[in-house]
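> Have a look at this one.
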Amino acid sequence: MSLIIKNGRVLNPPTDTDEILDIKIDGNIISAVEADIVPVFSDTVIDAKGCYVMPGLIDMHVHFRDPGQTAKEDIETGSRAAARGGVTTVLAMPNTKPVVDNPELVNYVHDKAESVGLTRVLQVGSVTKGMEGKELSDLKGMIDAGIPAISEDGKSVMDSGIYREAMKIVAADVPVLAHCEDINLVQGGVMNMGAKSDSMGEKGISNAVENIIEVRDIMLAEETGATLHLCHCSTKESYDIVKEAKARGVKVSGEVCPHHFTLTEDDIVPGDGNYKMNPPVRTTEDRDFLRRGLAEGVFEVISTDHAPHTAEEKAKGFASPFGIVGLETSASLTYTELVLSGLITPLSMAAYMSSNPARILGRDDLGNIAPGKVADITIFDPSIEYEIHAADFVGKSKNMPFEGRKVQGKVVKTIFGGKVVYEA
């Protein structure tokens, strides 16, 4: 028995496909992509008329809080949130408790995710033991255990010598995901530094906090030959920094999160911890440069930095932890803010949210709707308009600043490994 998706507008960036086609799935593999596939009696048919059919979305930046902080999220609830958002592969950051700095914890996450079976959870390994910045983790052991990348996400490795050694070790195997933050410049900042922080009486985080480390990390990647991916770019300067590095041939890519290309500091509601994230939402000029970078392909990836926290924590306003959830809203926000505005095409949306991440990670089996590829498919209906409400979320945590926001376009089905794991 086959699963056949009919009448959908297939968006497949690796082949520049943007046309009405049918898809046939046998087991967990795509077996055919062509016009007018005729089903037999035993086949299951999904009518995707009027919908975009994209490779399963890949989020390169999530926090599932498992092990150690499962009151906020765990692998099962995080996977459910991913499936509802059309995401079939996630990269889970290692800043758990304990930190994922050894093969045993990598195996724990991968085994648990496989038993849940709702999305592909690829566990990222930390650069240093305990994320303390002093001694390298078992990088080779974690590579052998299947990590897709290394990262110290949540902070930067401030010792450039240790970081350079890590880049040398992994250069031939996996990319480095860089959270760029000069901890010595943060100085207790909780939001963007400027008129808004002054008016709210809060300490600010300047653009230089991010930009200085972006430049350093690019220089180290250029020296070591490592593949570098800059997480959650938020500043206007990052546009020029990434563009110039690419022009020099550095193996660097950058991601932008929906909250950074959607919101500015002017949207912040004083005292509402749901607007506190790191890096912070910044000025209109910063946001517009991020949008320009996405429109031009300077930034190649859209990720969420899905960061769940409990309601009790976020009730503390700007004394609360940094971070918002994003898996269940990213596709709709991307379509509304970038596609409907004409900044990017639907095909580019599929590239930024699936095919480009797959390429950066060296996963030829993912991000591609073609015969022989893994049957991960996201079906997105661009005609649906709805309001975002945290009460509808299936993840454990509801912390986000988009309550009541009207958006256009919605994930209506998610197929992971040939199985429908979510339908609206």
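> Residue check: is P94 under 18 Å from D144 (Cα atoms), surrounded by 24 or more Cβ atoms within 10 Å (Cβ to Cβ) and touching a residue at least 40 places away in the same chain (Cβ under 8 Å)?
Values: under 18 Å from D144 (Cα atoms): yes; surrounded by 24 or more Cβ atoms within 10 Å (Cβ to Cβ): yes; touching a residue at least 40 places away in the same chain (Cβ under 8 Å): yes.
Here the answer is yes, as P94 does meet what is asked.
> Can you go through S320, S355 and tell me which one is surrounded by fewer than 23 Cβ atoms within 10 Å (Cβ to Cβ) and of a type in the set (S, T, Y)?
Values: S355 fails: surrounded by fewer than 23 Cβ atoms within 10 Å (Cβ to Cβ).
Testing whether each residue is surrounded by fewer than 23 Cβ atoms within 10 Å (Cβ to Cβ) and of a type in the set (S, T, Y) leaves just S320.
> Do we find a residue being farther than 25 Å from T345 by Cα, open to solvent by 30 Å² or more (accessible area, probe 1.4 Å), assigned to a strand (DSSP E or B) and not hydroxyl-bearing (S, T, Y) anywhere in the range 8-18? It would help to see each step written out before you state the result.
Here is the first cut: in the range 8-18, the ones farther than 25 Å from T345 by Cα are none.
Checking the range 8-18: not a single residue is farther than 25 Å from T345 by Cα, open to solvent by 30 Å² or more (accessible area, probe 1.4 Å), assigned to a strand (DSSP E or B) and not hydroxyl-bearing (S, T, Y).
> Follow-up. When the range 118-136 is examined, which residues are found to be crowded, with 24+ Cβ neighbours inside 10 Å and within 12 Å of V100 (Cβ to Cβ)?
Q123, V124, G125, S126, V127
> Here's something else I'd like to know. Given the conditions (1) under 23 Å from P175 (Cα atoms); (2) of a type in the set (S, T, Y); (3) without any contact (Cβ under 8 Å) to a residue 40 or more places away in the chain, which single one is not true for S303?
All conditions are met except number (3).
> OK, next. Go through the range 333-358 and count every residue that is of a type outside the set (F, W, Y) and over 14 Å from the mean Cα position of the chain (by Cα). Break it down stepwise before answering.
Of the residues in the range 333-358, the ones of a type outside the set (F, W, Y) are 333-334, 336-351, 353-358.
The next check asks that each one be over 14 Å from the mean Cα position of the chain (by Cα); those that pass are 336-348.
Number satisfying all stated conditions: 13.
> Now for a different question. May I ask you to verify whether D381 is out of contact with any Cys (no Cβ under 8 Å at 6 or more places or on another chain), acidic (D, E), closer than 23 Å to I4 by Cα and in contact (Cβ under 8 Å) with a residue 60 or more places away in the chain?
On the way: out of contact with any Cys (no Cβ under 8 Å at 6 or more places or on another chain): no; acidic (D, E): yes; closer than 23 Å to I4 by Cα: yes; in contact (Cβ under 8 Å) with a residue 60 or more places away in the chain: yes.
Considered against the rule, which asks whether it is out of contact with any Cys (no Cβ under 8 Å at 6 or more places or on another chain), acidic (D, E), closer than 23 Å to I4 by Cα and in contact (Cβ under 8 Å) with a residue 60 or more places away in the chain, D381 comes out as no.
> Shifting gears a bit: In the set K134, K97, which member is assigned to a loop (DSSP other than H, G, I, E, B), farther than 17 Å from H63 by Cβ and of a type in the set (K, R)? Before you say what the answer is, go through the steps one by one.
Numbers: K97 fails: farther than 17 Å from H63 by Cβ.
The unique qualifying residue is K134.
> Is there a residue being part of a strand (DSSP E or B), open to solvent by 20 Å² or more (accessible area, probe 1.4 Å) and touching a Pro at 6+ places or on another chain (Cβ under 6 Å) anywhere in the range 35-46? Spell out the reasoning first.
Here is the first cut: in the range 35-46, the ones part of a strand (DSSP E or B) are 44-46.
If we keep only those that are open to solvent by 20 Å² or more (accessible area, probe 1.4 Å) as well, we get 44-45.
Now drop any that are not touching a Pro at 6+ places or on another chain (Cβ under 6 Å), which leaves 45.
Yes, the range 35-46 has at least one match.
> Among the helices (runs of 4 or more DSSP H) confined wholly to the range 183-300, which include 2 or more residues that are modelled with pLDDT of 95 or more and surrounded by 22 or more Cβ atoms within 10 Å (Cβ to Cβ)? Talk me through it step by step, then tell me what you get.
Numbers: elements: 183-186, 195-200, 207-224, 236-247, 258-262, 284-296.
Correct list: 207-224, 236-247, 258-262, 284-296.
> Moving on to the next point. Hey, does the range 142-165 have a residue that's at pLDDT 95 or above, part of a loop (DSSP other than H, G, I, E, B), open to solvent by 30 Å² or more (accessible area, probe 1.4 Å) and of a type in the set (S, T, N, Q)?
Scanning the range 142-165, I find no residue that is at pLDDT 95 or above, part of a loop (DSSP other than H, G, I, E, B), open to solvent by 30 Å² or more (accessible area, probe 1.4 Å) and of a type in the set (S, T, N, Q), so the answer is no.
> Could you check, for the range 66-78, whether at least one of its residues is under 14 Å from G117 (Cα atoms), surrounded by 24 or more Cβ atoms within 10 Å (Cβ to Cβ) and of a type in the set (A, V, I, L, M)? Please lay out each step first, then the result.
Restricting attention to the range 66-78, the residues satisfying the condition of being under 14 Å from G117 (Cα atoms) are 74-78.
Subsequent filtering for residues that are surrounded by 24 or more Cβ atoms within 10 Å (Cβ to Cβ) retains 75, 78.
If we keep only those that are of a type in the set (A, V, I, L, M) too, we end up with 75.
Yes, there is a match, as at least one residue in the range 66-78 is under 14 Å from G117 (Cα atoms), surrounded by 24 or more Cβ atoms within 10 Å (Cβ to Cβ) and of a type in the set (A, V, I, L, M).
The values are calculated or read from the model by the stated rules, or taken from the named source; none is laboratory data. These numbers were taken from a predicted model, which means no experiment stands behind them. Note that each Cβ is placed from the backbone with ideal geometry, even for glycine, and that neighbours are counted across all protein chains shown. Just the protein is used for accessible areas: all its heavy atoms, side chains included, with ligands, DNA and RNA removed. Shrake-Rupley method; radii C 1.70, N 1.55, O 1.52, S 1.80 Å.
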